[in-house]
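Student: I have a structure here, written as structure tokens, and I will follow up with some questions on it.
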2 protein chains.
Amino acid sequence: MYSETWSREIARVIYGLEHCIRGDVIDIDEEGYLVIRIKNQEFRVRDLVKHYNFDVAYIRILPLIERAMTLVYDTFRELISATNYRGSFIPVYPMKVNPTPIIIESIFKYGEKYNWGFNTGSLGELLLLASLAEKYSPRVLIYDGVFTEKVIEALLKLLKLGWRVIVDIESEHDAEIVEKHPELEIGIRVKPIMKPHGKWSNSTGLSGKFGLTINTLVKLKEDFNWITERAVLLHMHPGSQISKFNDMKTYIRELREVYREILELGFENITMIDPVGWLPYPYVDTRDGEEESPDYSIIDYAKLLISEFLRDTKSPDLVFEGGRFIVASHRLLVTKVIDVRPYSAVHNKDTVNLLQGYVEKIKSIKDAKAVILKIREILSTLRSSIEKDIKNRELYEDLLALIEEEVAQRISTILQRGEISVNGVLSDHTILKILTSPSKRYVLNMSIFADIPDAVLVDQYFQVVPAQRLNNTPEVLASLADLTCDSMGEISHYISPGNLLNTKTPIVTKLDHRLVAIPGVKLKLRGVPLSMPVKNEDYYIVVLDTGAYQDTLAMKHNLIYGAPEIILDTSEEGVSIRIIRNGEIRV
Amino acid sequence: MYSETWSREIARVIYGLEHCIRGDVIDIDEEGYLVIRIKNQEFRVRDLVKHYNFDVAYIRILPLIERAMTLVYDTFRELISATNYRGSFIPVYPMKVNPTPIIIESIFKYGEKYNWGFNTGSLGELLLLASLAEKYSPRVLIYDGVFTEKVIEALLKLLKLGWRVIVDIESEHDAEIVEKHPELEIGIRVKPIMKPHGKWSNSTGLSGKFGLTINTLVKLKEDFNWITERAVLLHMHPGSQISKFNDMKTYIRELREVYREILELGFENITMIDPVGWLPYPYVDTRDGEEESPDYSIIDYAKLLISEFLRDTKSPDLVFEGGRFIVASHRLLVTKVIDVRPYSAVHNKDTVNLLQGYVEKIKSIKDAKAVILKIREILSTLRSSIEKDIKNRELYEDLLALIEEEVAQRISTILQRGEISVNGVLSDHTILKILTSPSKRYVLNMSIFADIPDAVLVDQYFQVVPAQRLNNTPEVLASLADLTCDSMGEISHYISPGNLLNTKTPIVTKLDHRLVAIPGVKLKLRGVPLSMPVKNEDYYIVVLDTGAYQDTLAMKHNLIYGAPEIILDTSEEGVSIRIIRNGEIRV
């Protein structure tokens, strides 16, 4: 009943492989394996890690970085040319997003033809940059960290190499230090008043951590009058990942206004604007403005920015500081399933028979609710008497497990037969919860704290996809537990982008009868749709888009850390593969 | 008006130095410096870091670890002896809490006389333990991680050294591996049904990440019948930091019930119980059961546990797995203030005069509200016209800053004069917010992500205290910004334990007129009460109780990481001081 609805096209949608940045670089082959495609060569992810005998690894696809840079650069260049915009386009890479040396070298290398610059905010980043700078052509640097003697030293080194160095001043303390070095150009960072939606909205507003209010700037200008002359850049930051285009519009309008004000205040040499907060990386690419899925594209963004400033008599140069957009896609985490655990085992066959008797009669959501209510009453009574007899506890556990299992199966069946409506299921919280809950827990050779720390730090959503059997309907919903002794070390949500499907029938897992997708609806599942590993099968899970921030935020919880890396790059012969070991300790 | 109410006693209360574990080891000397006291020697924190020319450092006070271990051991031994409890006391240290080698060695060394054992959950922890084990007497080990060949190898090494090794089995996969090694004793981890309050409550319940339901256990026992005989330990975990004694009671009762059930199921060799979830570390020691401030003591806990199991015919040995309680207090983060920034500068003197005119007339909360309402109306009008004229934006910023400044000053004055009531202030959200908001932002030489990662990861509260000028009334409320380019890198809350004060008058900061404390009330401030650093003063901030988890959760955000360490220990001559450098990169 189910399998006829599954296809590779559906798998691509469900597992987020229709993606504006990754394109067809990550795809599914005819036999249902996840593959990486570079220069017409195809690598199965499973074969790559098995070849090196890795149970866990990071695959870095460096050509995806080049792909993103080219996409950004071409978009802006074309629009600038088409509109006769008089400012130029100055892309810079914010090092904090990923300062791994191999990434910085990729930005240098691929960015040579675009003159791609850098933004740094700390001494450590500056020292790394300075250590690599001599091998490449000079670039623009925007520094927005704190000032010390060592920082100044590193900045002067870059200046000597022919770099253009612009430094943000945020306080009297900064001004006093920068005053002594007239060769440094100045950036002014102003606090925006608007607050967009999204998890980084705290970073803005007049009480935000960064930037100056206009009045503080006016006072600074009075105390250090050389600032007016040396300032060349206006910096503003509305917080990362603004997913709604309307918020972006409001912000860009404020930026334009502040730019006008700044000129009025006498900062006539400011010819560059740096909006920082930028088109978000689409961790989910459904373009609905929700769940880190921006409702606009890079073209929309570039058009907005250019058209706002085109109207000005003095069109400023446009700085692009997108970091996630450039590097998020390049890193894949691949990890093997090392154990599969049931949520609960059912003990007593009589209980099963009893419950099946009730459940078979369910013909509507209302029937289902009645059965659930009945069982819950029994559970409640049992709970208060659990202490009295171990049999009560066993029965309690049995019913708790069975109610999910049996109701899920029955509802899924009549839903697929069309005997109840999709809306009925969607509008009932209890039923929907049962149908979207996992029945298995897969233990993976990973640590969320080491491999995808933002999943615990900012509740970041990462796309999960199995490395194999993608041509079959998923069999179960599973939560993914890591190796740490920490209850936070678990992935138990999944966004099913049914809104992008063109099919009609709801898709249900084969074994535990949970929902995989409902056409027309973006659904939140509480587990990942996967196949059940068979005995001795090497079943791998892949987490996509882990290339931004995760490398530096990695923690060593439980002393589980590091992963071997498989580096894929283009070469004259086609594709090069390198292995980097990091003294990792895993299992 | 204010200074007469301040005293060293008040400072001790306000800055959390009346503490059940630290005792008088961390205190204030007569000149108002924060000091560390070991074996009658006194070290000023400021002098210690200045001596080594550190702008940031971790001070590790190893004797605080011994102090906590002794407190725990003595409490249990005394109660066991007084009640004629027939089981024994088996303390173990969970390595995940802090596996830094110097800490593990301290546990070995100080634990020699108590036969203190270990709990580990990963290969990395096991390898570290095995590398140190030969130097010390053999202990008990409880291992609750995943099984691989390498793990088994490390466990067998410890067995050879005379250790008692108990391993948790959580799945068929585990059982298949452990079956082959009959020399390993078995622990059974059962999922508790109860869910306590607190941020770790997700880790429990039947769908929790760890442990077995009774039915899964029954099934496991059927498939692997040797388990019954080899099992010696019952493991349960209600989640960390249960701060309410009533929750702890419920949990211990469930544990006792499960213990009885397990015996009934035939696990007759189980003679040890390990409740894991334990008396929380008091990050705030007000014993009110809130904000990680447990409403019970270690004596209450020991009494509860012993009295529950005393009633049983077969009193089990009691395993103690408190980790935070043992090591949280030992590490202090010391960091220098490198910049002080105002929240906003006020531009226009006329605006000040205008506003002061209004504010002077405030004689009640009602008056204050009326003024605020009036100004907010103006702000709202201004906001919509900000784009039209830079003067509007300046006025907007001025009013926004001034309303806080002026109202705070006026209200504080009449509050201290007794012209308005404390309850009036407390019950008005708007006024209270103004009076508890910071006026300054101190930039510190630290990274929250590297130094106190749990502050961002789980919103952990850490006690902050200045290293100097503790004999003066605080001058301002300040938010504490770190060096990262991340808006999350900021501390902006403070718990003022006025409920522990015996004084009468509200305490207000000298310069920005914000609330420091209200006697009788536990107050949440949005900034830390501090003095204003004067020009060229080396002003240090100390963050206490950072000894649990923070070392392994450290992140390298912005490539800011590592800190030099000052290790204080007792020696035959009195006190030893060692320095450890970690290749740190700061400013």
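The values are calculated or read from the model by the stated rules, or taken from the named source; none is laboratory data. Since we're looking at a predicted model, the values are computed, not measured. Glycine also receives a Cβ, built like all others from the backbone with ideal geometry; neighbour counts cover every protein chain displayed.
Student: Could you say which residue among B:GLY547, B:GLY583 is under 23 Å from A:ILE560 (Cβ atoms), within 22 Å of the chain's Cα centre (by Cα) and in a loop (DSSP other than H, G, I, E, B)?
Tutor: Only one candidate qualifies: B:GLY547.
Student: Of all residues being over 16 Å from A:ASP454 (Cβ atoms) and among the hydroxyl-bearing types (Ser, Thr, Tyr) in the range A:91-106, which is farthest from the other protein chains (Cβ to nearest Cβ)? Just the residue, please.
Tutor: Among residues in the range A:91-106 that are over 16 Å from A:ASP454 (Cβ atoms) and among the hydroxyl-bearing types (Ser, Thr, Tyr), the one farthest from the other protein chains (Cβ to nearest Cβ) is A:SER106.
Student: Answer yes if at least one residue in the range A:240-258 is of a type outside the set (S, T, N, Q) and in contact with a Ser or Thr (Cβ under 6 Å, 6 or more places away or on another chain), and no otherwise.
Tutor: As a first pass, look at the range A:240-258 and keep what is of a type outside the set (S, T, N, Q): A:242, A:244-245, A:247-249, A:251-258.
Keeping just the survivors that are in contact with a Ser or Thr (Cβ under 6 Å, 6 or more places away or on another chain) gives none.
Looking for residues that are of a type outside the set (S, T, N, Q) and in contact with a Ser or Thr (Cβ under 6 Å, 6 or more places away or on another chain), one finds none in the range A:240-258, hence no.
Student: Right, something else. Taking into account only those residues within the range A:138-174 that are over 15 Å from A:GLY187 (Cβ atoms) and among the small types (Gly, Ala, Ser), which is nearest to the other protein chains (Cβ to nearest Cβ)?
Tutor: A:ALA154
Student: Looking only at the range A:178-194, filter to residues that are touching a helix residue (DSSP H, G or I) at 6+ places or on another chain (Cβ under 7 Å) and within 12 Å of chain B (Cβ to nearest Cβ); which one of those is modelled with the highest pLDDT?
Tutor: This residue is A:VAL190.
Student: For residues that are crowded, with 20+ Cβ neighbours inside 10 Å and touching a strand residue (DSSP E or B) at 6+ places or on another chain (Cβ under 8 Å), scanning just the range A:341-368, find the one that is farthest from A:GLN409 (Cα to Cα).
Tutor: A:ARG341
Student: Filter the range B:240-264 for residues that are in contact with a helix residue (DSSP H, G or I) (Cβ under 7 Å, 6 or more places away or on another chain) and either within 11 Å of another protein chain (Cβ to nearest Cβ) or among the small types (Gly, Ala, Ser) (or both); which is farthest from B:LYS221 (Cα to Cα)?
Tutor: Restricting to residues being in contact with a helix residue (DSSP H, G or I) (Cβ under 7 Å, 6 or more places away or on another chain) and either within 11 Å of another protein chain (Cβ to nearest Cβ) or among the small types (Gly, Ala, Ser) (or both), the top hit is B:ARG253.
Residue-wise test of (1) crowded, with 18+ Cβ neighbours inside 10 Å; (2) farther than 30 Å from A:ASP486 by Cβ; (3) without any contact (Cβ under 8 Å) to a residue 12 or more places away in the chain.
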| site | (1), (2), (3) |
| --- | --- |
| B:VAL534 | no, yes, yes |
| B:ASP538 | no, yes, no |
| B:LEU544 | yes, no, no |
| B:GLY562 | yes, no, no |
| B:GLU573 | no, yes, yes |
| B:ILE579 | no, yes, no |
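Student: Taking A:PHE89, is it over 25 Å from A:ARG581 (Cα atoms) and of a type in the set (Phe, Trp, Tyr)?
Tutor: Yes, satisfied.
Student: Continuing with this model, one more query. Within the range B:129-233, considering only helices (runs of 4 or more DSSP H) that don't extend past its boundaries, which have at least 3 residues that are among the charged types (D, E, K, R) and over 16 Å from B:GLY117 (Cα atoms)?
Tutor: Output list reads B:149-160, B:172-178, B:214-223.
Student: Within the range A:290-311, is there a residue that is assigned to a loop (DSSP other than H, G, I, E, B) and over 19 Å from the mean Cα position of the chain (by Cα)?
Tutor: yes
Matching residues to (1) surrounded by fewer than 20 Cβ atoms within 10 Å (Cβ to Cβ); (2) under 26 Å from the mean Cα position of the chain (by Cα); (3) in a loop (DSSP other than H, G, I, E, B):
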site	(1), (2), (3)
B:MET248	no, yes, no
B:GLU257	yes, no, no
B:ILE262	no, no, no
B:ILE270	no, no, yes
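Student: Sort out which residues of the range B:399-431 are crowded, with 20+ Cβ neighbours inside 10 Å and either more than 14 Å from chain A (Cβ to nearest Cβ) or in contact with a Cys (Cβ under 7 Å, 6 or more places away or on another chain) (or both), and write them in order of number.
Tutor: B:GLU406, B:VAL407, B:ALA408, B:ARG410, B:ILE411, B:SER412, B:LEU415, B:ILE420, B:VAL425, B:ILE431
Student: Just for the range B:210-237: of the residues that are within 11 Å of chain A (Cβ to nearest Cβ) and under 21 Å from B:ARG324 (Cα atoms), which one is surrounded by the fewest Cβ atoms within 10 Å (Cβ to Cβ)?
Tutor: B:PHE210
Student: Then there's this: Yes or no: B:ALA554 within 18 Å of the chain's Cα centre (by Cα), farther than 30 Å from B:ASP288 by Cβ and either of a type in the set (A, V, I, L, M, F, W, C) or within 14 Å of another protein chain (Cβ to nearest Cβ) (or both)?
Tutor: Taking the combined requirement at face value, the residue satisfies it.
Student: Against the condition in a helix (DSSP H, G or I) and either more than 23 Å from A:PHE147 (Cα to Cα) or under 22 Å from the mean Cα position of the chain (by Cα) (or both), how does A:ILE107 come out, does it pass? Quick ask: steps written out before the conclusion?
Tutor: Values: in a helix (DSSP H, G or I): yes; either more than 23 Å from A:PHE147 (Cα to Cα) or under 22 Å from the mean Cα position of the chain (by Cα) (or both): yes.
For A:ILE107, the condition - in a helix (DSSP H, G or I) and either more than 23 Å from A:PHE147 (Cα to Cα) or under 22 Å from the mean Cα position of the chain (by Cα) (or both) - is met.
Student: Something else about it: What number of residues within the range B:511-545 satisfy the criterion of being touching a helix residue (DSSP H, G or I) at 6+ places or on another chain (Cβ under 7 Å) and of a type in the set (Gly, Ala, Ser)?
Tutor: Residues meeting the conditions: 2.
Student: Restricting attention to the range A:89-104, does a residue exist that is touching a residue at least 60 places away in the same chain (Cβ under 8 Å) and touching a Cys at 6+ places or on another chain (Cβ under 9 Å)?
Tutor: yes
Student: Select from the range A:391-426 the residues that are among the hydrophobic types (A, V, I, L, M, F, W, C) and within 16 Å of A:SER344 (Cβ to Cβ) and list them in ascending order. Quick ask: steps written out before the conclusion?
Tutor: Step one: filter the range A:391-426 for residues among the hydrophobic types (A, V, I, L, M, F, W, C), giving A:395, A:399-403, A:407-408, A:411, A:414-415, A:420, A:422, A:425-426.
A:LEU395, A:LEU399, A:LEU400, A:ALA401, A:LEU402, A:ILE403, A:VAL407, A:ALA408 - these are the residues of the range A:391-426 that are among the hydrophobic types (A, V, I, L, M, F, W, C) and within 16 Å of A:SER344 (Cβ to Cβ).
Student: Out of all the residues in the range A:372-393, which are within 13 Å of chain B (Cβ to nearest Cβ), in a helix (DSSP H, G or I) and of a type outside the set (Lys, Arg)? Give the derivation first.
Tutor: Going through the range A:372-393, the residues within 13 Å of chain B (Cβ to nearest Cβ) turn out to be A:379-380, A:382-393.
Now narrow it down to the ones that are in a helix (DSSP H, G or I): A:379-380, A:382-388, A:390-393.
Once the filter is applied, which keeps residues that are within 13 Å of chain B (Cβ to nearest Cβ), in a helix (DSSP H, G or I) and of a type outside the set (Lys, Arg), the range A:372-393 yields A:LEU379, A:SER380, A:LEU382, A:SER384, A:SER385, A:ILE386, A:GLU387, A:ILE390, A:ASN392.
Student: Still on this model: Please specify each residue of the range B:329-371 satisfying the condition of being within 14 Å of chain A (Cβ to nearest Cβ) and either closer than 30 Å to B:GLU18 by Cα or in contact with a His (Cβ under 9 Å, 6 or more places away or on another chain) (or both).
Tutor: B:THR335, B:LYS336, B:VAL337, B:ILE338, B:ASP339, B:VAL340, B:ARG341
Student: Quick check: anything in the range A:310-325 within 14 Å of chain B (Cβ to nearest Cβ), farther than 29 Å from A:ILE214 by Cβ and touching a residue at least 12 places away in the same chain (Cβ under 8 Å)?
Tutor: Within the range A:310-325, one or more residues are within 14 Å of chain B (Cβ to nearest Cβ), farther than 29 Å from A:ILE214 by Cβ and touching a residue at least 12 places away in the same chain (Cβ under 8 Å).
Student: Looking at A:TYR396 and the list (1) touching a residue at least 60 places away in the same chain (Cβ under 8 Å); (2) within 11 Å of chain B (Cβ to nearest Cβ), which single condition is not satisfied?
Tutor: The number of the failed condition is (1).
Student: Step by step: first the residues of the range A:476-516, then only those that are part of a strand (DSSP E or B) and small (Gly, Ala, Ser), then the one that is nearest to the chain's Cα centre (by Cα). Which residue is that?
Tutor: Among those residues, the one meeting the criterion is A:SER496.
Student: Give me a count of the residues in the range B:349-371 that are part of a helix (DSSP H, G or I) and free of Cβ contacts under 8 Å to residues at least 60 places away in the same chain.
Tutor: 16
Student: For the range A:110-137, give me each residue that is away from every other protein chain (no Cβ under 11 Å) and under 25 Å from the mean Cα position of the chain (by Cα).
Tutor: The answer is A:TYR110, A:GLY111, A:TRP116, A:GLY117, A:PHE118.
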